[in-house]
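Following: one structure in structure tokens, then a few remarks.
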Amino acid sequence: MLDFWNGRILEWLDLYGSTAVVLWCFWSFVLGACFGSFTTACVWRIPRGISIVWPPSSCPKCGHRLGASENIPILGWLLLRGRCKGCGLPISPRYVLIELATALLFTVTAYSAVLCRLPLSVIPAWCLIVLCIGSACTDCELRIIPDKFTCSGMILALLCAFLFPSTKMPSNMTPLFALTYTFAQIAAVGLFGYSAWYAGKLLFHREALGRGDVKFLMAIAGFTSVFGALVAILTGSLLALLWLLCDAVKRGRLRRKFAYGPFLAAGALLWLLFRGIGMRLLLK
Ligand SMILES: [Zn+2]
């Protein structure tokens with residue numbers, strides 16, 4: 001099924017040339033902004049146990065219900081000049097920044113998928129982007145990564161492997177084999193992660209790696225492979241170390257606890273972006 005739709009999209013892209021590629025990227029940007037908006041809602045609602053469909057979005061300060069135009073991702077915030085229509089208080093630019101970041105990441109991966117001649121490979125990539133941004137924001141704000149994010153991530157990774165086996169490496173797997181292979185990769189990273197968590201508890205009497213981080217890594221492995229998860233750990237740790245050093249210089253002492261999720265997310269996203277470039281070089 002994937003080959004059929006990939007073929008149809010490629011036919012359309014080849015027929016209309018650069019205009020089609022621009023349209024493809026434009027709609028990826030729009031979709032990314034909408035998913036960014038959905039992610040900000042999930043980040044606010046899921047840890048607080050509020051349903052993601054009801055009640056409709058409202059200002060957290062005065063309860064003003066957002067109208068249709070105020071709900072448009074990115075543009076809504078710009079039209080309101082960053083202030084709530086009800087109380088006039090400033091709306092955090094965090095929302096628009098998350099929407100913009102998601103939109104840009106969606107566009108870059110969509111463009112890279114076209115260059116790889118595998119346009120539908122954007123679907124697992126987009127799932128990973130939403131998972132990474134959502135988990136990073138919740139971890140930054142509340143120091144937790146909810147199971148609803150990580151477990152949904154693992155289920156989506158398995159579903160993507162089954163539906164789009166040719167987006168996995170090696171690309172000639174049958175759907176059932178891709179599903180089993182992805183499950184094994186998630187389990188392997190889980191085993192490694194929980195061992196590290198247990199070793200940290202035993203040796204240092206504290207969690208070296210949070211259990212939320214372990215489940216987050218398992219979901220990353222589901223989308224990227226064990227190798228991708230390892231790259232995320234190494235890159236994430238390097239970024240965390242740099243940040244800790246800068247923070248220590250600024251504060252005059254070293255922080256003992258910090259959220260590791262955003263660094264893992266950055267590592268996974270860097271891998272996602274550079275894997276695309278790597279595949280392009282391989283295909284040339
Ligand atoms: Zn308000």
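The values are calculated or read from the model by the stated rules, or taken from the named source; none is laboratory data. Source: prediction; values computed, not measured. Cβ: placed from backbone, ideal geometry, glycine included. Neighbour counts: every protein chain shown. Please note that ligands, DNA and RNA were not included when accessible areas were found on the heavy atoms of the full protein model with its side chains. Shrake-Rupley method; radii C 1.70, N 1.55, O 1.52, S 1.80 Å.
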Filtered residues of the stretch 94-110 (kept if more than 16 Å from the ligand (Cβ to nearest atom) and charged (D, E, K, R)): GLU99
Please give the number of the condition ARG48 fails out of (1) of a type outside the set (Ser, Thr, Tyr); (2) away from the ligand (no atom under 16 Å from the Cβ); (3) in contact with a helix residue (DSSP H, G or I) (Cβ under 6 Å, 6 or more places away or on another chain). (3)
Would you point out the residue of the stretch 166-177, among those that are in contact with a helix residue (DSSP H, G or I) (Cβ under 6 Å, 6 or more places away or on another chain) and in a loop (DSSP other than H, G, I, E, B), that is surrounded by the most Cβ atoms within 10 Å (Cβ to Cβ)? LYS168
Say we look at the stretch 61-93 and pick out the residues that are in contact with a helix residue (DSSP H, G or I) (Cβ under 8 Å, 6 or more places away or on another chain) and open to solvent by 40 Å² or more (accessible area, probe 1.4 Å); which of these is nearest to the ligand (Cβ to nearest atom)? ILE91
Could you list, in sequence order, all residues of the stretch 144-165 that are open to solvent by less than 30 Å² (accessible area, probe 1.4 Å) and over 16 Å from the mean Cα position of the chain (by Cα)? ALA161, PHE164, PRO165
When both residues are 6+ apart or on different chains and their Cβ atoms are under 9 Å apart, which pairs have a first residue that lies in the stretch 43-70 and is modelled with pLDDT under 85, and a second that is among the aromatic types (Phe, Trp, Tyr) and away from the ligand (no atom under 16 Å from the Cβ)? ILE52/PHE38
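Against the condition crowded, with 16+ Cβ neighbours inside 10 Å and away from the ligand (no atom under 16 Å from the Cβ), how does PHE4 come out, does it pass?
no
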